[in-house]
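Written below as C-alpha cells is the structure these notes are about.
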Amino acid sequence: MFGSLTYVWRPVTGGRHAFPIAATRAPHDERVTAYCGVEADAAELHDRSEVDWIREHTCMDCWRRLADRS
C-alpha cells in the first residue's frame with residue numbers, strides 16, 4: 001500500500017526538482033528549498049505547463065537524495 005505523498009516534482013527555473021509537499025502550501029512570496037538545496041519562489045511551484053515539464057531536465061541530485069531515503 002502506498003503512503004501519503006511527502007514530496008512533489010516541479011519544473012522551476014533551472015530544472016525539474018523535488019520539493020517537500022509542504023512547499024506547495026507555502027505563500028507565493030516565500031522561498032522554498034528543493035531536496036538538492038536549490039531555492040525557488042513558492043509561486044514557481046504552481047501553474048506550470050506541460051511544456052515546462054518537457055523543457056526542464058530532472059535534477060539527478062534530488063533523484064539520488066530521494067532514492068537514498070528508501
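What follows is calculated from the coordinates using simple rules that are stated; it is not laboratory data. Worth saying up front: this structure is predicted, and the values here are computed from it rather than measured. Here Cβ is always computed from backbone atoms with ideal geometry, including for glycine, and neighbour counts include all displayed protein chains.
Once phi is turned into ³J(HN,Hα) by the Karplus curve 6.51 cos²θ - 1.76 cosθ + 1.60 with θ = phi - 60°, what whole-Hz value does each residue of the range 28-35 show in order, with x for glycine and proline?
Values, residue by residue: 4, 8, 8, 8, 10, 10, 6, 4 Hz.
Taking the simple approach of a point 7 Å from Cα along Cα-to-Cβ for both GLU50 and SER4, what is their distance in nm?
3.1
Using alpha carbons only, what's the Rg to Rh ratio of the range 1-62 with Rh from Kirkwood? Kindly include the intermediate steps, with their values, before the conclusion.
Values: Rg = 11.3 Å, Rh = 11.8 Å.
Here the Rg-to-Rh quotient is 0.96.
So which residue, out of GLU56, GLU44, GLU30, gets the largest mean-square fluctuation from a GNM of the chain using Cα contacts under 10 Å as springs?
Evaluated over the chain, the most mobile residue of the options is GLU30.
List the residues whose amide H sits under 5 Å from the amide H of VAL8, counting only those 5 or more places along or on another chain, with H placed 1.01 Å from N in the peptide plane.
Amide H to amide H, under 5 Å and 5 or more residues apart or across chains, VAL8 pairs with PHE19, ILE21.
Using 0.36 nm per residue, how much length does the chain from ASP68 to ILE21 gain when fully extended, once their Cα-Cα distance is taken away?
Residue separation times 0.36 nm, minus the Cα-Cα distance, leaves 15.1 nm.
Determine the relative contact order of the chain: mean sequence separation of Cα pairs under 8 Å and six or more apart, normalised by residue count, in whole percent. Write down the numbers at each step before the final one.
Details: 101 pairs, mean separation 22.0, N = 70.
Computed over the chain, the figure is 31 percent.
Just the number, please: percent antiparallel of the DSSP beta bridges in the chain, rounded to the nearest 5. List each step's numbers first, then the result.
Numbers: 9 of 10 bridges.
The antiparallel proportion sits near 90 percent.
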